[in-house]
Amino acid sequence: MKDAVKRFGILFPIAIDNGFTIWDSYNTRYWPTLLLIDKRGVVRYAHVGEGAYDLTEQTILRLLAE
Amino acid sequence: MQSVRRQAGHPRAERPLGASHHSPDLDLNTLEVFPVIAKSGPLSRNDFQRSNVRPSEDVTRCRPLLYGVLLSLLCAALVIPSTAMADQRERLLSLVTRMESSYARVSDYTAVFRKQERVEGRLLPEETTLLKFQKPLKVYMKWIEDPSKGTEALYVDGSNGNKLLVHRGGILGILTLSLDPRGSLAMTRNRHPITEVGFGYLIDGLQRNIKTALQHGELELTLLAEESFRGRFAIVVEAKFAPRAGRTYHASRMVCHIDKDLMLPIGAAFYDEGDVLFERYSYSDVKLNVGLTPLDFSRENKAYRF
């Protein structure tokens, strides 16, 4: 994992979920599943599967501006 | 077809009379009748030397008749093959139309679908899947032989966010992926997305390529044989495409097996400009209009692992 993080230049924190604890706690069923959680800890956006990149980007910007 | 024996050195090679590459010694405008040559071994140029003897008066009188006979033979040589070729072309074109008609009567089907594709220059191993298909575009596939045995894929146009659901066989199948059917992950080791699986896309492609190539005189269609193919009696058709003026076709050469009873393309192999195979597909154990239900294309089906 450390090698991959270095190789891709990833700067944000990454959680290791080998026991599927986080996966199950959000009732995740498919990979990839994207959840956006606001500063109050509320899930504001969910997208299952690839795609919708523009919508995701717009939502991130909107939530950051709140 | 009438033919002219070539010069010495190629005693067995024959060439159609009137072909553009006729020997410079043979001028069709001044063609004379040579005596029948009885000789063992290869013929030489000397065997075709014009005689210095003046033709007899009988021969001179008969010359118009001889020209007439020769002209008739020449016309027959040119017309009969072109008529036969036109007949064969019409017959082959009618096969495409009949395949379209046959498929129009199909609402769903199951089959064992095999595919082998060349991706990034490498011919990958053949994959064998159980295929369920329902019009307009519902696809379930289960890989039933190694190397991907146990893998399942489901795509239902208009459902599941228009995503391809797929999970690998074995322990890797613990995760179900929800992928863009045309995205980079789904297209890994594939030349075509799952949305292009099935008889319909294949027939559409054949029809489109063949009609365009015919329209521009860039197609050579040949009925190769009728033979057994994966347990079915099939008509084998070969299509060679010779694009000009920047047009492109899916393949340079294509060999298609058409099931004689079902009138559906149960086999298709595609070759590139170097005549190297780059795609091969086949369908066996085909069952048409079996009455597949929504459960056959549901991720909630308990028999599936999505």
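Of note:
- Cross-linked pairs B:Lys138/B:Lys302; A:Lys2/B:Lys163; B:Lys260/B:Lys287; B:Lys132/B:Lys302; B:Lys115/B:Lys287; B:Lys135/B:Lys260: Cα-Cα separations exceed 20 Å for A:Lys2/B:Lys163; B:Lys135/B:Lys260.
- Between B:Ser107 and B:Arg89, the simple spin-label model (points 7 angstrom out along Cα→Cβ) gives 4.0 nm.
- Using the Cβ-Cβ distance between B:Val236 and A:Ala52 with R0 set to 56 Å, the FRET efficiency works out to roughly 0.75.
- Computed on region B:101-237, the Cα convex hull volume stands at 155 Å³ per residue.
- Listed residues A:Pro13, A:Thr33, A:Ala65: farthest to the positive end of the dipole of chain A (Cβ charges): A:Pro13
- Lys/Arg +1, Asp/Glu -1 at C-beta; region B:111-169 dipole; positive extreme among B:Gly158, B:Phe133, B:Leu123: B:Gly158
Read-outs: derived from the displayed coordinates by stated rules, not from any lab. Keep in mind that what you see is a predicted model, and the values were worked out from it rather than measured. We place every Cβ from the backbone using ideal geometry, glycine too, and count neighbours over all the protein chains shown.
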